[in-house]
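S.K.: Take a look at this one; I'll ask things after.
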Amino acid sequence: MITFTFAVLLLLITPGPGVLSTAGLGAAYGFRAGLPYVAGLFVGSNLVSLAVVSGLAAIAFQINGLRLALLTLSTLYLLYLAARIALAGTKIAFIEARKQPGFWAAVTLQAINPKAYVVGTTLFSGFILWPDALLAEVLIKFTIINLIWVPVHFGWLWSGASLKRLNLPPAKQRAINVVMAISMIAVVGLAALSA
């Protein structure tokens, strides 16, 4: 169970579309304005996990061409986000929000977020805790995942809101952008490997 919990933490703190957009929303609109968005990400993340656990995602991905089409679109989108971040120069480049996204935008983002499916599949099928008690295992995994998910996402929201108030030197801002872009490319690699 300790290994599972550590894996959850590592998979959830890795920047992906959800956490980067959460930080961007915090930077653009502040902590309080980001709360409905985080609530939507939470609901969307749990819906994706339910789709993975129930097998619905696996069934959908068996449709000819659907898996490849979604993977291609998601990969292109994530590479686009990584490029935007890396090429932002000295301005910290969390995903900029021109219009404040809300609850439903976040639910939709999680539904097409390849990292959410990779994380769900890895956590629910890669770590067998009790092979003879599937329901108990799934419930405990949902509990552990959500107990870590909530503070991680509130931390990203707070980080975005806090970075807005800082006046970091250009070299530090550039370094943050490079680390975020590399993280996004790693997410693309994970999604491609899971295919």
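The values are calculated or read from the model by the stated rules, or taken from the named source; none is laboratory data. No experiment lies behind these values; they were computed from the predicted model shown. Please note: Cβ atoms are built from the backbone with ideal geometry, for glycine as well, and neighbour counts cover all protein chains shown. Ligands, DNA and RNA are stripped out before the accessible areas are found, and what is left, the full protein with its side chains, is counted by its heavy atoms. Shrake-Rupley method; radii C 1.70, N 1.55, O 1.52, S 1.80 Å.
S.K.: Whether any residue in segment 80-98 is touching a Phe, Trp or Tyr at 6+ places or on another chain (Cβ under 6 Å), farther than 28 Å from Leu35 by Cβ, part of a helix (DSSP H, G or I) and at pLDDT below 80 is what I want to check.
M.R.: Within segment 80-98, none of the residues are touching a Phe, Trp or Tyr at 6+ places or on another chain (Cβ under 6 Å), farther than 28 Å from Leu35 by Cβ, part of a helix (DSSP H, G or I) and at pLDDT below 80.
S.K.: Cβ-Cβ under 9 Å, sequence separation 6+ or interchain: first residue in segment 43-68 and at negative phi, partner buried (at least 17 other Cβ atoms within 10 Å of the Cβ) and in a loop (DSSP other than H, G, I, E, B). Which pairs?
M.R.: Pairs found: Gly44/Asn113; Ser45/Asn113; Val48/Asn113.
S.K.: Let me ask you something else. Looking only at segment 24-47, decide whether some residue is open to solvent by 40 Å² or more (accessible area, probe 1.4 Å) and of a type in the set (S, T, N, Q).
M.R.: The answer is no, given that none of the residues of segment 24-47 is open to solvent by 40 Å² or more (accessible area, probe 1.4 Å) and of a type in the set (S, T, N, Q).
S.K.: For Phe4, which of the numbered conditions (1) of a type in the set (Phe, Trp, Tyr); (2) open to solvent by less than 70 Å² (accessible area, probe 1.4 Å); (3) without any contact (Cβ under 8 Å) to a residue 24 or more places away in the chain fails to hold?
M.R.: In the conditions (1) of a type in the set (Phe, Trp, Tyr); (2) open to solvent by less than 70 Å² (accessible area, probe 1.4 Å); (3) without any contact (Cβ under 8 Å) to a residue 24 or more places away in the chain, Phe4 misses (3) alone.
S.K.: Return the residues of segment 10-23 that are open to solvent by 30 Å² or more (accessible area, probe 1.4 Å), under 22 Å from Ser162 (Cα atoms) and in a helix (DSSP H, G or I); say none if nothing qualifies.
M.R.: Step one: filter segment 10-23 for residues open to solvent by 30 Å² or more (accessible area, probe 1.4 Å), giving 10-11, 13-14.
If we keep only those that are under 22 Å from Ser162 (Cα atoms) too, we end up with 13-14.
Scanning segment 10-23 gives a single hit, Ile13.
S.K.: Between residues in segment 120-138 that are in contact (Cβ under 8 Å) with a residue 24 or more places away in the chain and residues that are among the hydroxyl-bearing types (Ser, Thr, Tyr) and in a helix (DSSP H, G or I), which pairs lie under 9 Å by C-beta distance while being six or more apart or on different chains?
M.R.: Gly120/Ser45; Gly120/Ser49; Thr121/Ser194; Thr122/Ser194; Leu123/Ser49; Phe124/Ser49; Phe127/Thr3
S.K.: Could you pull out the residue among Pro170, Pro114 that is under 13 Å from the mean Cα position of the chain (by Cα) and under 28 Å from Phe31 (Cα atoms)?
M.R.: After ruling out the rest, the residue left standing is Pro114.
S.K.: Now a separate question. Taking segment 101-152, which residues are more than 23 Å from Pro36 (Cα to Cα) and surrounded by 13 or more Cβ atoms within 10 Å (Cβ to Cβ)?
M.R.: Of everything in segment 101-152, those that are more than 23 Å from Pro36 (Cα to Cα) and surrounded by 13 or more Cβ atoms within 10 Å (Cβ to Cβ) turn out to be Val118, Thr121, Thr122, Leu123, Phe124, Phe127, Leu129, Glu137, Val138, Ile140, Lys141.
S.K.: If I ask for residues that are modelled with pLDDT under 85 and β-branched (Val, Ile, Thr), which ones from segment 123-149 would you list?
M.R.: Within segment 123-149, Ile128 is the sole residue that qualifies.
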